[in-house]
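First the structure, in the form of structure tokens, and then the observations on it.
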Amino acid sequence: MNALDELLKRTAIIEVMARNARALDELDLDTVASCFDDPVEVAFPGWQSPRTMTPVAWSERCLQLLRGFDASQHFLGNHYVDLRGPDDAHVVTYLRAMHYLADPETPSYEVGGRYEHQLRRTSEGWKISRWGFQIAWEQGDPGAFRVALARPPRA
């Protein structure tokens, strides 16, 4: 692979990561789902083992957790893209995610860690085929998710 082809692949893969983060914060189900291969294997913190899901099912689960927050921001950085063939890549991306509740009685929740994803190039472009997240640190109250789930969705 020549240097330009490698750069174009890396850029397209990082774009998938950024599009997914932005769509999560904007609660855009269609765009979140468009970032994933069908099916997608998901290794979520706290689950005993990875689960295989459709892109829509995984996206709905993510947005269900975020809709009750007044805002969320998923900051990505330090992308490491390991191209493992013409159509496969392993990506490590650092994450800092803030989940904000305007209610002074409930602390917001912030988490830092890293995504570890597998991506596959399909006829529609690069898609996340395996989603993983490792928590490095937490600040605030993880119970903020319970509060957010009980609130009406933000507009």
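Is it the case that Leu76 is surrounded by fewer than 20 Cβ atoms within 10 Å (Cβ to Cβ) and assigned to a loop (DSSP other than H, G, I, E, B)? No: the conditions fail for Leu76. Residues of the stretch 1-37 that are among the acidic types (Asp, Glu), closer than 16 Å to Lys127 by Cβ and loosely packed, with under 14 Cβ neighbours inside 10 Å: Glu15, Asp30. When the stretch 102-131 is filtered for residues that are touching a strand residue (DSSP E or B) at 6+ places or on another chain (Cβ under 9 Å), over 17 Å from Gly77 (Cβ atoms) and at pLDDT 95 or above, the ones remaining, listed by number, are Tyr109, Gln118, Leu119, Arg120, Arg121, Thr122, Trp126, Lys127, Ile128, Ser129, Arg130, Trp131. Against the list (1) closer than 30 Å to Leu7 by Cβ; (2) acidic (Asp, Glu); (3) surrounded by 13 or more Cβ atoms within 10 Å (Cβ to Cβ), the condition Asp82 fails is (3). Of everything in the stretch 38-66 that is part of a loop (DSSP other than H, G, I, E, B) and without any contact (Cβ under 8 Å) to a residue 40 or more places away in the chain, the residue that is surrounded by the most Cβ atoms within 10 Å (Cβ to Cβ) is Thr54.
Residue selection: Ala21 satisfies the criterion of being hydrophobic (A, V, I, L, M, F, W, C), over 16 Å from Thr54 (Cβ atoms) and modelled with pLDDT of 95 or more.
The values are calculated or read from the model by the stated rules, or taken from the named source; none is laboratory data. These figures come from a predicted structure and were not determined experimentally. A quick note on method: Cβ atoms are made from the backbone with ideal geometry, for glycine too, and the neighbour counts reach across all protein chains shown.
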